[in-house]
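Right, one structure below, let's go through it.
The values are calculated or read from the model by the stated rules, or taken from the named source; none is laboratory data. Here the structure is a predicted model, which means the values were calculated and not measured. Neighbour counts are summed over all protein chains in view; Cβ atoms, including those assigned to glycine, are modelled from backbone coordinates with ideal geometry.
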Amino acid sequence: MHTTFEQWLGMVLGQDEPAVRRLVEDPTGLHFLMVWSLFESKCCGGEFEAKEHCSGFAMPKTNNEESEAIREQALYFHQRYRTPLDVEALAPISRSSRKARQTFVETLGVPEATLTNEQAQLIVVFVASRVRNNMFHGQKGIDDWLRDKQLILKCMQVLQIFVAARERERPTLATEIPGAA
């Protein structure tokens with residue numbers, strides 16, 4: 001029997017207790033996991049499936065400001081994952097949905113100036129899902145995962161947009177969300 005949360009989570013994640021303690025004490029990691037949980041629940045029917053959700057599915061309707069913020073992050077990821085080595089580091093062939101990875105790579109081939117909102121959404125959802133998967137299923141440890149805080153924060157920003165937009169469409173979390181009908 002595990003006596004602490006950190007011991008239990010370490011066993012679940014295959015990580016040692018000190019690494020898990022660093023994760024739960026780091027607001028970036030903890031916030032990402034909370035936002036991902038809300039995203040998966042609100043936007044993915046409770047279970048994220050890369051082959052389904054990274055290959056074109058109905059994302060919540062975002063306003064112009066939100067769409068622009070999503071596009072900004074998508075352009076950053078579009079630049080960051082330009083080479084096959086960069087894509088492999090993010091989404092190893094052996095550990096990724098073939099269909100989702102292929103759609104991601106094809107979308108990266110679209111010139112930045114002509115990316116549609118749907119393609120921008122696909123890029124950011126794919127990257128966020130890989131950040132999540134690398135945390136839980138990757139070959140890297142927690143400390144490696146937490147080193148790229150800029151990437152984690154960018155993913156959190158777009159996931160928060162999706163959760164807020166879905167909450168405006170179908171309120172279930174708060175009694176009143178600013179801008180909700």
List the residue pairs whose Cβ atoms are under 6 Å apart, where the first residue sits in segment 151-177 and is under 18 Å from residue 123 (Cβ atoms), the second is among the acidic types (Asp, Glu) and at pLDDT 95 or above, and the two are 6 or more positions apart or on different chains.
161/66
Those residues of segment 22-32 which are modelled with pLDDT of 90 or more and either in contact with an Asp or Glu (Cβ under 9 Å, 6 or more places away or on another chain) or of a type in the set (A, V, I, L, M, F, W, C) (or both), in sequence order
32
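If a residue must be part of a helix (DSSP H, G or I), under 19 Å from residue 71 (Cα atoms) and in contact (Cβ under 8 Å) with a residue 24 or more places away in the chain, how many such residues does segment 101-140 contain?
Initial filter on segment 101-140 (part of a helix (DSSP H, G or I)): 101-108, 112-114, 117-136.
If we keep only those that are under 19 Å from residue 71 (Cα atoms) as well, we get 103-108, 112-114, 117-131.
With in contact (Cβ under 8 Å) with a residue 24 or more places away in the chain added as a condition, the list becomes 103-104, 108, 112, 117-131.
Qualifying residue count, segment 101-140: 19.
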Scanning segment 65-103 residue by residue, the ones that are closer than 13 Å to residue 116 by Cα and either of a type in the set (S, T, N, Q) or surrounded by fewer than 17 Cβ atoms within 10 Å (Cβ to Cβ) (or both) total 4
Exception for residue 40 within (1) more than 15 Å from residue 155 (Cβ to Cβ); (2) in contact with a Gly (Cβ under 9 Å, 6 or more places away or on another chain); (3) acidic (Asp, Glu) falls at (1)
Restricted to segment 33-53 and to residues being of a type in the set (Asp, Glu) and at pLDDT below 85, the residue surrounded by the fewest Cβ atoms within 10 Å (Cβ to Cβ) is 47
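Scan the helices (runs of 4 or more DSSP H) fully inside segment 1-100 and keep the ones with 1 or more residues being under 18 Å from the mean Cα position of the chain (by Cα) and among the aromatic types (Phe, Trp, Tyr). Can you show your working first?
Numbers: elements: 5-13, 17-25, 27-43, 50-53, 64-80, 84-90.
Helices (runs of 4 or more DSSP H) meeting the threshold: 27-43, 64-80.
Rundown of residues vs (1) closer than 29 Å to residue 165 by Cα; (2) of a type in the set (Val, Ile, Thr), yes/no style:
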residue	(1), (2)
77	yes, no
91	yes, no
95	no, no
100	yes, no
104	yes, no
107	yes, yes
129	yes, no
135	yes, no
141	no, no
Name, by its number, the condition in (1) modelled with pLDDT of 90 or more; (2) in contact with a Gly (Cβ under 7 Å, 6 or more places away or on another chain) that does not hold for residue 17.
(1)
